[in-house]
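Enquirer: Before we start, here is the structure in question, set down as structure tokens.
The values are calculated or read from the model by the stated rules, or taken from the named source; none is laboratory data. Everything numeric here is computed off the predicted structure, so don't read it as measured data. Cβ placement follows ideal geometry from the backbone for every residue including glycine, while neighbour counts extend to all protein chains displayed.
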Amino acid sequence: MEKILIIGGVAAGATAAAKARRLSPDAQITMLEAGPDISFANCGLPYYIAGDIDSRSKLILQSPESFNEQYQVEVHTNTQVSKIDREKKQVQTIDSQTGAKNTFEYTKLILAQGGKPIQPEIPGANADHVFSLWTLEDMDKIDNHLKNNEPKTAVVVGGGFIGLEMVEALVKRGLKVHVVEKMQHVMAILEAETAGFITRELRAFGVGIHTETAVTKINADSVELDNAKKINADMVLLSIGVRPTLQLAKDAGLAIGEAGGLLVNDKLQTSDPNIFAAGDMVEIEHRVNGKKVRIPLAGPANRQGRIAAENAFGGEHSYKGAIGTSVVRVFDAVAGTTGLSLKQARAAGIDADAIVVHKEHHTSYYPGAETVSVLLVFDKKTGVVLGGQTAGYKGADKRLDVVATACAAKLPVSEIADIDFAYSPPIGTANDAMNMAAYVAENKMSGYSPSIMASELDDYLESKQQVIVLDVRDVFAHQKSKMNGAYHLPLEMLQANVERIPKDIPILIYDETGKKGHQALRTLVGADCQEVVNISGGHTSLQRYAIAAGFKHIDMDMLPIGKKSIGEKVLEETETNKNVDTAELKKLVVDVRTRGEFMSGAFPDAINIPLDDLMSGNGELGEDMNREIVVYCATGARSAYAQQVLRQRGFSNVVNGGGISAMMSRY
Ligand SMILES: Cc1cc2nc3c(=O)[nH]c(=O)nc-3n(C[C@H](O)[C@H](O)[C@H](O)COP(=O)(O)OP(=O)(O)OC[C@H]3O[C@@H](n4cnc5c(N)ncnc54)[C@H](O)[C@@H]3O)c2cc1C
């Protein structure tokens, strides 16, 4: 009879045990866990602290008793394995409560020991108000500290996904929070412009962000940074990464791999054929470039646990490797990554390129549309998707999963262009952001629409003696925030002025999202301009990159960050657009475009009531039914409809101001 012994009882271990039982009704299966709990939801810990999950017991998916009842697996908690004797096929254990020693035998051993948070050697790191979060006990300690000591300020050291989830949790508990990150931006795993989206959200919620700096000392009520700053901190959370738990395996003489994890083959077999391993402790192959990597995430741990169990029974299941798909939600903002970033792909010697699009997550006319961003990394010649990132308030996860699937299936962008994605007005658009990203990538590959990523701009500008930068957005957007030194020529006026543009000087174009920039580029190419390049993602990407990483050769006006608070999602800054200095208007000017369009720039002192809201009777317009109201939108179409709506509501003096260009010339 097989004796399957599993060390570690959480993600990989519990999955392996359950799978082992399904594969063999009569094998002896034993799971040894050093801690007091098995199968708990470590990914859910920050949400309990935040108050999103109201009961601790919801985080415990199985107790030793229920697990035994359901799977007939003998579970020993508080049981630390201290030695593996490979010759005798035995492990020795110590009961952490009683100190009692024990021995367990195996025919096949599965190691699922995970990792532990890295503890930095900072003076003060061992103090009582300094925490890390990995287990339920860690969570309880933090929760008790919050309840009993009522700290007002916190510093989170490390701006990775656990750190940022904890930032949100602590803000929700009423603390003023600062995050300290050694790298250039928070979420270092993301491209700077994707991280910029998260950075803005953190700032909107009042989180202090300190990048490219490290904590040098933790005091009772503050932390000191290596840039000589001091930040108030009644509590500190350390979240600077995870180290695989390898001592036991090392002592047993098992091979460690080049990425610093336990070495396993594609059957998840260690250098001892009777010992398998899964989860955070192993290193595996990256599915896109075949490089050895450690990807300490729950999804891979679960899948590996399953496969390890199958192969422990003599199965031949090959683990294909991981793509490293990970996603984070910080307050309302979601961003994620999969596969390789542009930098990683190029570092791996792949001739890679990238594009980014920003598009509504569902039709713009259906209420609640939000911008979703898709950044695609692809092989320049074959178009095969190598990775990608997405960001948005809604719909980012759906697109990320499509990119992950494309990476795994090695799909070229041309295939994605032709996929029918789920569409109805409240769900998507007939041309999904994924289709659009694929079109843009194809256009770049073919040379039809050359573009450049925000991250490449500094190098591009450095390589050119002279560049004309053209902002083709409308005047309001341009006045609100621009790349300094850019010439302003709205798209609508480009054709009429095209002869005035030098043909032999490289031209860099940007609009709001890259879409109109493409149109402008085609106009200029048609007018025989020799080198025209569109900034992929336009002003949106420029803003995000600038806030996360900053440019060397570009001076950007930054858009103001509206304040947000828990439970209130309205950006107060967008109520009126007071940035443009023009003569005061007696009339009421109503911009009926979407909130996103309005935020990118609007007529001076206009108020924003999106057409959807106007149609559903929302929007305060006052009691005076004879007051002059001017409505406008982007082109004049929505405002014509808005004019009808307002007339039906009884307003007698409503003028259709038309599109933005018409408004500009009229008023
Ligand atoms: C706060 C938090 C949030 C997270 N959020 C996400 C997320 O949103 N998405 C995501 O994909 N991943 C997330 N993760 C990571 C994810 O939880 C891990 O990748 C996953 O749990 C790894 O599973 P594992 O089984 O390899 O290791 P673990 O879950 O760490 O389990 C290993 C177990 O082995 C036990 N053990 C170790 N040594 C011994 C020994 N000698 N004897 C007996 N037992 C031993 C340990 O006590 C531990 O309980 C999060 C992790 C944390 C802590």
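Enquirer: Name the single residue, out of those in the stretch 1-24 being more than 9 Å from the ligand (Cβ to nearest atom) and over 15 Å from GLU310 (Cβ atoms), that is nearest to the chain's Cα centre (by Cα).
Expert: LEU5
Enquirer: Regarding the stretch 187-198, can at least one residue be identified that is of a type in the set (D, E, K, R), under 19 Å from VAL327 (Cβ atoms), assigned to a loop (DSSP other than H, G, I, E, B) and out of contact with any Cys (no Cβ under 9 Å at 6 or more places or on another chain)?
Expert: Yes, the stretch 187-198 contains a residue that is of a type in the set (D, E, K, R), under 19 Å from VAL327 (Cβ atoms), assigned to a loop (DSSP other than H, G, I, E, B) and out of contact with any Cys (no Cβ under 9 Å at 6 or more places or on another chain).
Enquirer: Assess whether ASP504 counts as being at pLDDT 95 or above, part of a helix (DSSP H, G or I) and not polar (S, T, N, Q).
Expert: Working: at pLDDT 95 or above: yes; part of a helix (DSSP H, G or I): no; not polar (S, T, N, Q): yes.
Spelling it out, it is not the case that ASP504 is at pLDDT 95 or above, part of a helix (DSSP H, G or I) and not polar (S, T, N, Q).
Enquirer: Please specify each residue of the stretch 309-327 satisfying the condition of being in a loop (DSSP other than H, G, I, E, B) and surrounded by fewer than 20 Cβ atoms within 10 Å (Cβ to Cβ). Outline the logic, then answer.
Expert: Start the filter on the stretch 309-327 by keeping residues that are in a loop (DSSP other than H, G, I, E, B), which leaves 313-321, 323-325.
Result: PHE313, GLY314, GLY315, GLU316, HIS317, SER318, LYS320.
Enquirer: When LEU297 is evaluated against the numbered criteria (1) under 15 Å from the mean Cα position of the chain (by Cα); (2) within 14 Å of the ligand (Cβ to nearest atom); (3) not assigned by TED's automatic domain parsing to the domain that holds PRO273, which criterion, by number, is the only one it fails?
Expert: All conditions are met except number (3).
Enquirer: It is to be established whether one or more residues within the stretch 119-130 are within 16 Å of the ligand (Cβ to nearest atom) and surrounded by 16 or more Cβ atoms within 10 Å (Cβ to Cβ).
Expert: no
Enquirer: So, one more: I want to confirm something. Restricting to the stretch 340-356 and keeping residues that are in a strand (DSSP E or B) and over 30 Å from PHE205 (Cα atoms), which single residue is farthest from the ligand (Cβ to nearest atom)?
Expert: Here the answer is ASP353.
Enquirer: Can you tell me which residues in the stretch 14-32 are within 17 Å of GLU65 (Cβ to Cβ) and of a type outside the set (D, E, K, R)?
Expert: Across the stretch 14-32, the qualifying residues are ALA14, ALA17, ALA18, ILE29, THR30, MET31, LEU32.
Enquirer: While we're here: Keeping to the stretch 50-67, report how many residues are surrounded by 16 or more Cβ atoms within 10 Å (Cβ to Cβ), part of a helix (DSSP H, G or I) and polar (S, T, N, Q).
Expert: Count: 0.
Enquirer: Restricting the stretch 31-49 to residues that are closer than 14 Å to ILE162 by Cα, aliphatic (A, V, I, L, M) and near the ligand (Cβ under 9 Å from one of its atoms), which is surrounded by the fewest Cβ atoms within 10 Å (Cβ to Cβ)?
Expert: Here is the first cut: in the stretch 31-49, the ones closer than 14 Å to ILE162 by Cα are 41-49.
With the extra rule that they be aliphatic (A, V, I, L, M), the set shrinks to 41, 45, 49.
Retained after the next criterion (residues that are near the ligand (Cβ under 9 Å from one of its atoms)): 41, 45.
Working: ALA41: 17, LEU45: 26.
Checking each candidate, the answer is ALA41.
Enquirer: Just checking, how many residues over the stretch 538-558 are within 19 Å of the chain's Cα centre (by Cα), in a helix (DSSP H, G or I) and under 23 Å from PRO450 (Cβ atoms)?
Expert: 7
Enquirer: Pairs please, first residue from the stretch 8-21 and in the same structural domain as LEU248 (by TED's automatic domain parsing), second anywhere and surrounded by fewer than 24 Cβ atoms within 10 Å (Cβ to Cβ) and basic (Lys, Arg), Cβ atoms under 6 Å, 6+ apart in sequence or on different chains.
Expert: So the pair list comes out as THR15/ARG306; LYS19/ARG306.
Enquirer: Continuing with this model, one more query. Taking interchain pairs and intrachain pairs at least six residues apart, which have beta carbon atoms under 6 angstrom, with the first residue in the stretch 32-54 and among the aromatic types (Phe, Trp, Tyr) and the second more than 8 Å from the ligand (Cβ to nearest atom) and in a strand (DSSP E or B)?
Expert: PHE40/ILE60
Enquirer: Let me ask another. Taking strands (runs of 3 or more DSSP E) that fall entirely within the stretch 89-177, which contain at least 2 residues that are touching a residue at least 40 places away in the same chain (Cβ under 8 Å), touching a helix residue (DSSP H, G or I) at 6+ places or on another chain (Cβ under 9 Å) and charged (D, E, K, R)?
Expert: none
Enquirer: Looking at the stretch 153-162, can you tell me whether even one residue there is at pLDDT 95 or above, within 23 Å of SER565 (Cβ to Cβ) and among the aromatic types (Phe, Trp, Tyr)?
Expert: The answer is yes, given that some residue of the stretch 153-162 is at pLDDT 95 or above, within 23 Å of SER565 (Cβ to Cβ) and among the aromatic types (Phe, Trp, Tyr).
Enquirer: List every residue pair whose Cβ atoms lie under 8 Å apart, where the two residues are 6 or more positions apart in sequence or sit on different chains, the first residue falls within the stretch 439-462 and is within 18 Å of VAL384 (Cβ to Cβ), and the second residue, located anywhere, is in a helix (DSSP H, G or I).
Expert: Cβ pairs passing all conditions: TYR439/ALA417; VAL440/HIS518; ALA441/VAL413; GLU442/VAL413; GLU442/SER414; GLU442/ALA417; ASN443/HIS518; MET445/VAL413.
Enquirer: Here are ILE60, ILE53: which of them is under 19 Å from ALA301 (Cα atoms) and of a type in the set (Val, Ile, Thr)? Full working, then the answer.
Expert: Working: ILE53 fails: under 19 Å from ALA301 (Cα atoms).
The conditions single out ILE60.
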